[in-house]
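Asker: Starting off with a structure, shown below.
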Amino acid sequence: MNHIAHAHDKHETAQLGFWLYLMTDLMLFAGLFATYMVLRGGTAGGPTAAELFDPTFALSETIVLLLSSFTCGIAALALRYKKQSLALWGLGLTIALGLVFLALEMKEFAEFYSEGHTWQASAFLSSFFTLVGTHGLHISIGLVWASTLLGYLIRSPHHDDAHRKMSLFALFWHFLDIIWVFIFTIVYLLGVLS
Amino acid sequence: MIHTLAEGLLGRLSLDYLPTEPATIGAAVGLPLSALAIVAALTYFKKWRWLWDNWLTSLDAKKIGVMYIAVAIAMLLRGLADALMLRAHTAQAVGDNSGLFTTDTFQQVFSAHGTIMIFFVAMGLMFGLINVALPLMLGARDVAFPFLNSVSFWLFAAGMILINTSLVIGGFSNGGWLGYPPLTGLEYNPGPGVDYWIWSLQIAGIGSLLSGINFTVTILKKRARGMTLMKMPIFAWSVLVSMVLVMLAFPLLTVSLGLLSLDRLMGMHFFTSDFGGNPMMYINLIWAWGHPEVYILILPAFGIFSEVVATFARKALFGYRTMVAALIAIMFFSFIVWQHHFFTMGAGANVNAFFGIMTMVIAIPTGVKIFNWLFTMYKGKIRFDAPMVWFLCFVVTFTLGGVTGVMMAVPAIDFQVHNSMFLVAHFHNTIIGGVVFGFLAGITYWFPKIFGFRLHDRLGKYSAYAWQIGFILAFMPLYALGLMGAVRRIDHYDDPSWQPFFIVSAVGVLVIMLGVGLFILQLAVSIWKRKELRDTTGDPWNGRTLEWSVPSPAPEYNFAIEPDVTHRDEWWYRKESKLALPKKSSYQDIWVPKNSGLGIGIAVFAGLFGFAMIWHIWWLGFVAFLVVVALIVFRTYADEPERRISAEHLYHLDKGRKQ
Amino acid sequence: MKTRGVLILAVVLAAIGALGWWLLRDATLDVLQPAGNIAEQQRSLLIVASVLSAIVVVPVFTLLIVFSVRYREGNKKAIYDPNLTHDARLEALWWGIPIAIIGVLGVITWQTSHSLDPYKRIASSNETMNIEVVALQWKWLFLYPHQRVATVDKLIIPVDVPVEFSLTSDAPMSAFWIPSLGSQIYTMNGMTSKLNLIATEPGSYRGYNTNINGKGYASMDFMVEAVDKKTFVDWHGELAKSSNGLDWTTYKQLSKPSTLDSPKEYALHNTSLMHAIEMKFMPEHAMNGEIE
């Protein structure tokens, strides 16, 4: 096997591995979702989901994250068609939108916290902060990843590996988007409905 | 001022946590001393370089496998010492006699015993054997992600070091191997013991999760040309099924331990009794991992026995297709039975009946496997080398364990034996009889492939006999004790008529220790007599699968020429049809990954992170976390260095061997 | 060589058998010597399951021995047929037999899960009696709200009267088990579990905690006295007049972690004690402080 085929093979292997990793991550979130569903009623006399959540605010977070997923997709496509500068812009925007999302989430957390609705107040709030916070942690890791990727793209935009590395990141970012859609539906929408 | 400074620097770490009881002081002094002795010996004999270059930084799956097994055997000794302490204590602790240890020590010891045996012995032996045998059996040169493999191993090692650190300072959890809250929550257990338990498992568990991904991809992507899934050796099938279970179940362990640690570190209320917390949720979550875990361990052992029986009966495995079907069935059902671990929690008759019946259903494919093994022997030409003796002991012991398992699957029976010594006897019956015997057989079977010489056969058999007799002595009395009303985890009892049973059980542990001693003696004698035991052919057992087609010890690249597979028992087929030697033109250059110390680096800082969380040393936790992230980022963008082995060189090596 | 091996095996088996006999010669196996209807049914079930399992185990052990001896390498008379690698009929047989056995056992499981459900009241000509059970660190508190008495680490019940235990915990999760009477059940904070048992023979039996709940766990065993109705009535009648009363204040003393040397008896002054103990863990009360 020559070296190029070898590299291609390696990428395919890595991609399968990454898919499987996402599956394990999905199981992790499944555990957190199940815990949230079970503990949702455990408000210990504190506020319930319906009293606490503002679905419009959550919707704005959703839109920001969906947009970032879009720009991320553009970046991945651009790289495949060798449009390096578009890819850089796409990835840069993704990072910016990701930061906005994190800032919004922080704002929400800070508000709850300052009103005394901390993770120590009830099982419901523990599971809320943990579920949404774990997603936020993933987003932060994604942002670190995206930043290093951006650096890499600026340094060696024409490297064969560039679009492979980018495609893995895009997969991760879309995955987080899907998780968020579940959070939006189960935590915020259903929370307000019940 | 000084006080707050110390707290800032050291968290709650202080000399107050040093052990105070003679037995625990002994461990606390002995452990660092023996570590020191090893370090001194390595320095004196100038072996550090050799160890670092040839082992610690190696990305060769076989070497990683050997390291897993070495760690696991060391931990087996620790776990056995724990077992002996427990049974020596209960042999005496009746009436006015309070036994050898304090209750607190006793409870720590049984918690450590269970945790170590499952996570650091059984899992270690399993991943070790998979690393050693799987790529070779698949006709592959390596696993899918060699570097990740090293990270997995070192995370496992970090967890192991963390759990043993608890002996030196802080003590261990007293909440049993699965640590049910609220007993393990802050309210009842504020000390560092439970945190040691959480973080050693969390770190090792993430290593296992990564291994699950790694081996699944290895099987799906790295098989030799022509090896379809249905031509894979059955061991590879068992690993595939087990690794899928790892990927599905281990995230739930991560969640269970993670949420419990959030309760403990941040005052959350997942599993507390008040503020709306729900300890039952923890029990569900941890068993949703815990039950598949049992099958994660046993399935590869089944795979090993399938290979062993076929090899030593000199007959292809009977009913290969049904074996695969049985494996898949077990995988599926193992995920919908977890509730049988707590029939007595009051879930209601319908739920209990459903989970009880599902549990029994697993006995069907398991029974099928046993009959298939038996009929592999039928009309065979059986040689009874040590691996085959392990197999015989396995069938006897495991079948009985299966029977008591089916009994306990009936909720109405379980109500009378749950959490009694009957339960303790049952799961040792399956885990020792299935998992331990299987992995010891596997070590004996593949040893020559890795080291180039066989293990001393007679000592191996003696070891198996001692294990078998020791098992009967140690655990049959526990079945009786369970029916007499003795519950698990007691450090004291009032009924003097129980004592003879506990004494016999303690003697049984001694006999098992004799079995382990004989196994280690077998290793020593084999090394001593390695010239006589040398495996010159690469195929000491007249094997059937591809690992026996390469010389022993197997070269780092496994196969000089990547094999083309046409048959299920490819090597057997080739021997029967006497294929010609490969031509020079069929040799090509091979690229193997260069060593990397980064895996150790990541694990060291992951371990430090765990230590920081246990002792509330926040700055250290923060720094260690950042370093782990930085190392991962660094690795992602670094070129993966590889080393070329030339075709010319390979050709000459093989030519030299075949002539 | 061969005969020596067989001889050693026979001696080992005989020795283990003799040891087993010596151990069991006059042991009391509570689970197999039931003193109540529930435990009796559970024993029968245990026997049925063992017999059904034997249908598979006996052939497995027999085949293992026969094949090992017959098809050993040294036996030149045996047929060697390396091509015999599957047989649809045989394989169907050993899928079929376990399926049939599990089918039978499954039906039994379904039925007994319902008939022996710990929550199910026991049919009897006598009226069911209520006893409330609280697991403490590390003792058992028994409350008889109707008889207005309470005991610790000692349970007195009338023979032939079905008892419904309502159980909770003011300790980490514990479990209540009287092997001679049958069925155990977990006890948890802020929750009530139920267990229905009946003693059909008078006598003293031992009860246990089966779930670890801290240091004193092993000493959480207790005596159960199954007495005739008159003795029972006399006992609680006398005790209810006792000056040694149990109310919230004495309870708080009692519930502190400790082990007892001997059982205690009280007149029960506060009949809603059980409810109060459960409410301790309820969120509203956790916010508003303790109830008295």
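Asker: Can you tell which of B:499, B:281, B:542 lies farthest toward the positive end of the dipole of the protein assembly as shown, using +1 and -1 charges on the Cβ of basic and acidic side chains (Lys, Arg; Asp, Glu)?
Answerer: The residue sitting most towards the positive pole is B:542.
Asker: Counting each pair of different Cα atoms once, what's the Kirkwood radius of chain B in Å, rounded to one decimal?
Answerer: Hydrodynamic radius (Kirkwood, Cα pairs) of chain B is 25.9 Å.
Asker: If you don't mind, another one. Output needed for the range B:121-231: three equivalent-ellipsoid semi-axes, defined as square roots of 5 times the C-alpha gyration tensor eigenvalues, in descending order, whole Å. Write out the running numbers ahead of the final one.
Answerer: On the way: eigenvalues 272, 35, 20 Å².
That gives 37, 13, 10 Å for the three semi-axes.
Asker: Across peptide B:172-182, how many C-beta atoms of other chains are within 10 Å of each residue C-beta, on average?
Answerer: For this peptide, the per-residue mean of nearby foreign Cβ atoms is 2.
Asker: Give me the extension gain from residue C:73 to residue C:88: residue separation times 0.36 nm, minus the current Cα-Cα distance, reported in nm with one decimal.
Answerer: Details: separation 15, 0.36 × 15 = 5.40 nm, distance 2.68 nm.
Residue separation times 0.36 nm, minus the Cα-Cα distance, leaves 2.7 nm.
Asker: For residue C:28, put the label point 7 Å out on the Cα→Cβ axis and report which residues of the range C:196-236 keep their amide N under 19 Å from it.
Answerer: C:198-210, C:219-228
Asker: PRE reach from residue A:103 (point 7 Å along Cα→Cβ): which of the range A:47-61 fall under 20 Å by backbone N?
Answerer: Counting backbone N atoms under 20 Å from the label point, the list is A:56-61.
Asker: Grab the beta carbon distance between residue C:81 and residue C:121, set R0 = 51 Å, and tell me the FRET efficiency rounded to 0.05.
Answerer: Numbers: r = 62 Å, r/R0 = 1.21.
Once the sixth-power term is evaluated, E becomes 0.25.
Asker: HN-Hα J couplings of the range A:63-78 from phi, Karplus 6.51/-1.76/1.60, θ = phi - 60°, integer Hz, Gly and Pro as x?
Answerer: 5, 4, 5, 4, 4, 5, 5, 5, 5, 5, x, 4, 4, 5, 5, 4
Asker: Please give the helix B:349-377 orientation as an angle from the longest Cα principal axis of chain B, in degrees from 0 to 90, rounded to the nearest 10.
Answerer: On a 0 to 90 degree scale, this one is about 30.
Asker: Right, something else. Counting Lys and Arg as +1 and Asp and Glu as -1, what is the net charge of the other residues whose Cβ lies under 14 Å from the Cβ of residue B:572?
Answerer: Residues close to residue B:572 contribute a combined charge of +3.
Asker: Using Cα-only point scatterers and the Debye equation, what is log10 of I(q)/I(0) for the range A:84-168 at each q in 0.14, 0.22, 0.25, 0.27 Å⁻¹, rounded to two decimals?
Answerer: One equal scatterer on each Cα of the range A:84-168 leads to -0.59, -0.98, -1.16, -1.27.
Asker: With a Förster radius of 51 Å, plug the Cβ-Cβ distance of residue B:640 and residue B:20 into 1/(1 + (r/R0)^6) and report the FRET value to the nearest 0.05.
Answerer: Working: r = 50 Å, r/R0 = 0.98.
E(calc), rounded to 0.05, equals 0.50.
Asker: Right, something else. Only sites in a loop by DSSP and with at most 12 other Cβ atoms within 10 Å count here; which GluC sites (Glu not before Pro) in the range C:86-187 make the cut?
Answerer: When the GluC sites (Glu not before Pro) of the range C:86-187 are filtered for loop state and at most 12 Cβ neighbours within 10 Å, C:127 remain.
Asker: Something else: If you place +1 on the Cβ of every Lys and Arg, -1 on the Cβ of every Asp and Glu, and leave all else neutral, what size is the dipole of the range C:84-211 about its Cα centre, to the nearest 20 Debye?
Answerer: 200
Asker: Counting other Cβ atoms within 10 Å, keep those with at most 14, restrict to DSSP loop, and tell me which trypsin sites (Lys or Arg not before Pro) in the range B:24-100 are left.
Answerer: B:46, B:47
Asker: Binning at 5 angstrom from zero up to the longest distance, how are the C-alpha pair distances of the range B:1-90 distributed in percent?
Answerer: Here the calculated profile for the range B:1-90 is 3, 10, 10, 15, 15, 14, 13, 12, 7, 2, 0.
Asker: Using amide H atoms built 1.01 Å from N in the peptide plane, name the residues 5+ places from residue C:187, or on other chains, whose amide H lies under 5 Å from its own.
Answerer: C:174, C:175, C:176
Asker: 7 Å from Cα along Cα→Cβ at both residue B:266 and residue B:9: what's the point-to-point distance in nm?
Answerer: 3.0
Asker: Label points 7 Å out from Cα along the Cβ direction at residue B:321 and residue C:9: separation in nm?
Answerer: In this crude label model, residue B:321 to residue C:9 measures out at 3.5 nm.
Asker: Just to confirm my numbers, what's the Cα centroid distance between the range B:224-240 and the range B:138-166 in Å?
Answerer: 23
Asker: Here is a further query. Would you compute, from DSSP H runs of 4+ residues alone, the mean residue ellipticity of chain C at 222 nm, taking -39500 (n - 2.57) per run and dividing by the full residue count, rounded to the nearest 500?
Answerer: -13500 deg cm²/dmol
Asker: Still on this structure, please answer the following. Which GluC sites (Glu not before Pro) in the range A:92-194 pass both tests, a DSSP loop state and at most 13 other beta-carbon atoms within 10 Å?
Answerer: The qualifying sites are A:115.
Asker: What per residue convex hull volume, in Å³, comes out for chain A when only alpha-carbon positions are used?
Answerer: Dividing the Cα hull volume of chain A by its residues yields 107 Å³.
Asker: While we're looking at this one, here's another question. Using only alpha-carbon positions, what ratio does the radius of gyration of the protein assembly as shown give when scaled by 2.2 N^0.38 Å?
Answerer: Values: Rg = 31.0 Å, N = 1145, 2.2 N^0.38 = 32.0 Å.
Compactness ratio reported: 0.97.
Asker: For every helix of n ≥ 4 consecutive DSSP H residues, a contribution of -39,500 (n - 2.57) applies; sum these over chain B, divide by its total residues, and give [θ] at 222 nm rounded to the nearest 500 deg cm²/dmol.
Answerer: -22500 deg cm²/dmol
Asker: What share of all Cα pairs of the range B:66-171, in percent, falls into each consecutive 10 Å distance bin?
Answerer: 14, 37, 25, 15, 7, 2, 0
Asker: Spin-label point model (7 Å from Cα, Cβ direction): what's the residue C:261 to residue B:629 distance in nm?
Answerer: In this crude label model, residue C:261 to residue B:629 measures out at 6.0 nm.
Asker: Further question: With the cut-off at 19 Å, tell me which of the pairs B:63/B:594; B:62/B:583; B:381/C:76; B:231/B:583 have Cα atoms farther apart than that. Before the final figure, lay out the partial values.
Answerer: On the way: B:63/B:594 13 Å; B:62/B:583 27 Å; B:381/C:76 9 Å; B:231/B:583 26 Å.
Violating the 19 Å Cα-Cα cut-off are B:62/B:583; B:231/B:583.
Asker: If exposed means no more than 12 neighbouring beta carbons inside 10 Å and the site is in a DSSP loop, what's the longest run of chain C without any exposed trypsin sites (Lys or Arg not before Pro)?
Answerer: Looking at chain C, C:122-240 is the longest stretch - no exposed trypsin sites (Lys or Arg not before Pro) with at most 12 other Cβ atoms within 10 Å.
No value in this document is a laboratory result; all are computed from the given coordinates. Keep in mind that this is a model prediction, so the values were computed, not measured. Reconstructed Cβ throughout: ideal geometry from the backbone, glycine too, with neighbour counts over all protein chains shown.
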